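Each value in this text was obtained by applying a stated rule to the coordinates, not by laboratory testing. Quantities reported herein were computed from a predicted structural model and do not represent experimental measurements. Cβ: placed from backbone, ideal geometry, glycine included. Neighbour counts: every protein chain shown.
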2 protein chains.
Amino acid sequence: MRIALLGGTGDIGQGLALRWAYDSDHEVVLGSRDPEKARAKAEEYETELDSLGRERKVTGFANEMAADRADVVVLAVPAYHLADTVEAVADRLDEDTVLVTPAVGMGRDDDGFHYNPPPAGSVTALAVEAAPEEVPVVGAFHNLAAGRLADLSAEIDWDTPIFGDDEDAKEMVMRLADAIEGLRPLDAGGLANAPEVESLTPLLINLARENERLHDLGVKFQ
Amino acid sequence: MRIALLGGTGDIGQGLALRWAYDSDHEVVLGSRDPEKARAKAEEYETELDSLGRERKVTGFANEMAADRADVVVLAVPAYHLADTVEAVADRLDEDTVLVTPAVGMGRDDDGFHYNPPPAGSVTALAVEAAPEEVPVVGAFHNLAAGRLADLSAEIDWDTPIFGDDEDAKEMVMRLADAIEGLRPLDAGGLANAPEVESLTPLLINLARENERLHDLGVKFQ
């Protein structure tokens, strides 16, 4: 499977890129608005993987090129760049491309972080609005701590709720999640269930802020 | 500590009553709008505890009597009964009573359950509005599966995020939560963080609905 990680140079994109490259044989392609940055990061990830005894090819391109011929396009960008990013790659997507959105809309005040969805109702709904109609959208990877995910020496034991209205597309993303060691995909139903998944992320941040022994939190449902 | 469980005859109230009576030496008092029902349930819980080799006194009263002289009053009632219940017991509460709210506002559609807070912003905010000003309110026990909690033969390994603006009151509720075996209290900050905790409950229900091997879900942050 060819996975394009748009925004694959930072935050959650880095963790997903490294884990897929290390734990699976899926082809990992980084996308960025700046192709030079994507290429440099791809080389950096290759070097890191190599140092861990895992010789993998990771490539980097401008977002449009990265999305081209990808089976799965992960929108690993901040919520406020989501619509722009989808529009930039829209003519590279078709009904055989699965669009995956892990982004969350958050604000913060003195008490902590709060779920602050866009007027569309959820960040996922924003992605659905921006995507060409025939392209299936799946929500996944919202509740993973980016720092720990990107640290290949750190073990993880986390769940990731995955939701979408296209069952085949959802099934495909669940298999991709399952390919990451220590990550268990859970079916969270349809796209209308997005807010309940997205709003878990600010809770994880609040708990890490308030409890000294906890940091880089994920979640396990049991 | 004297714990009054208003609505202690059903759902989450039953589980908390049985676990505190079994796992701790705190005094457990059930409240109900119907004192006869509270008395009958108290007897039922005593019999169950006795059958497990744990001889405990559990009493049942009308809500007003149950709240009287309690150190902690748990509002284990549905969100739509919360304001009425607080108002009914208001003159039994003072600044030394901690009011605990585990209730969540939810709706459902074809896709699943959704967080549907009252106009106050959260069910917790509703409790704050209804309570006398000097009474500290703490949110806790939102994300526990009632059925498994009430089954003393079932082991649990769950976290419960606890939040409030009165640090002493929050600390007291965290100790009470810690007295239940397998339950880990986590500090979730102040009252403004209520929506992020309350909205986790519909996600737990959605995941249990959509994943065959999962049921009666709680959550662990790790």
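The residues packed around residue A:46, meaning those with a beta-carbon under 11 Å from its beta-carbon, carry a net charge of 0 if Lys and Arg are +1 and Asp and Glu are -1.
In a simple Cβ point-charge model (Lys, Arg +1; Asp, Glu -1; nothing else charged), chain B has a dipole of about 520 debye relative to its Cα centre.
Using the Cβ-Cβ distance between residue A:34 and residue A:54 with R0 = 22 Å, the FRET efficiency computed as 1/(1 + (r/R0)^6) comes to roughly 0.25.
The other copies place their residue B:95 label points at 6.9 nm from this one, listed shortest first, where each point is 7 Å from Cα along Cα→Cβ. With label points set 7 Å from Cα along Cα→Cβ, the inter-copy distances at residue B:222 are 0.4 nm, sorted shortest first.
Note on chain B: GNM, Cα springs under 10 Å; of B:161, B:35, B:102, the largest mean-square fluctuation is that of B:35.
Residue order for A:221, B:163, B:61, fewest other beta carbons within 10 angstrom first, comes to B:61, A:221, B:163. In terms of its alpha-carbon gyration tensor, the protein assembly as shown comes out prolate; a/c meets the 1.5 threshold, and the first ratio a/b outweighs b/c.
Out of the DSSP beta bridges found with both residues in region B:2-210, what percent are antiparallel (nearest 5)? For region B:2-210, the DSSP antiparallel bridge percentage is about 15.
Could you tell me which GluC sites (Glu not before Pro) in region A:6-62 are loop residues by DSSP with no more than 14 other beta carbons within 10 angstrom of their beta carbon? Passing both the DSSP loop test and the Cβ count: A:55.
Shape summary of region B:20-139, radius of gyration then Dmax from alpha carbon positions: 15.9, 46 Å. Using the Karplus relation 6.51 cos²θ - 1.76 cosθ + 1.60 with θ = phi - 60°, the per-residue 3J(HN,Hα) values for region B:112-120 come to x, 8, 9, 5, 9, x, x, x, 5 Hz, with x marking Gly and Pro.
Simple rule: put +1 on each Lys or Arg Cβ and -1 on each Asp or Glu Cβ in region A:43-132, find the dipole, and look at A:89, A:104, A:60; the Cα lying farthest toward the positive end is A:104. Pairs of C-alpha atoms in region A:124-192 farther apart than 14 Å represent 59 percent of all such pairs. Distance from the alpha carbon centroid of region A:150-192 to that of region B:104-141 works out to 30 angstrom. Computed over neighbours whose Cβ is under 12 Å from that of residue A:177, the net charge equals -2, Lys and Arg +1, Asp and Glu -1. 3J(HN,Hα) along region B:145-159: 6, 4, x, 6, 4, 7, 9, 5, 7, 8, 6, 10, 9, 10, 9 Hz, from the Karplus curve 6.51 cos²θ - 1.76 cosθ + 1.60 with θ = phi - 60°, whole Hz, x for Gly and Pro. Rounded to the nearest whole angstrom, the semi-axes of the ellipsoid equivalent to region A:2-210, taken from the Cα gyration tensor as √(5λ), stand at 24, 21, 16, largest first. Considering only the other residues whose Cβ falls under 15 Å of the Cβ of residue B:68, what net charge follows from Lys and Arg at +1 and Asp and Glu at -1? With Lys, Arg at +1 and Asp, Glu at -1, the net is -3.
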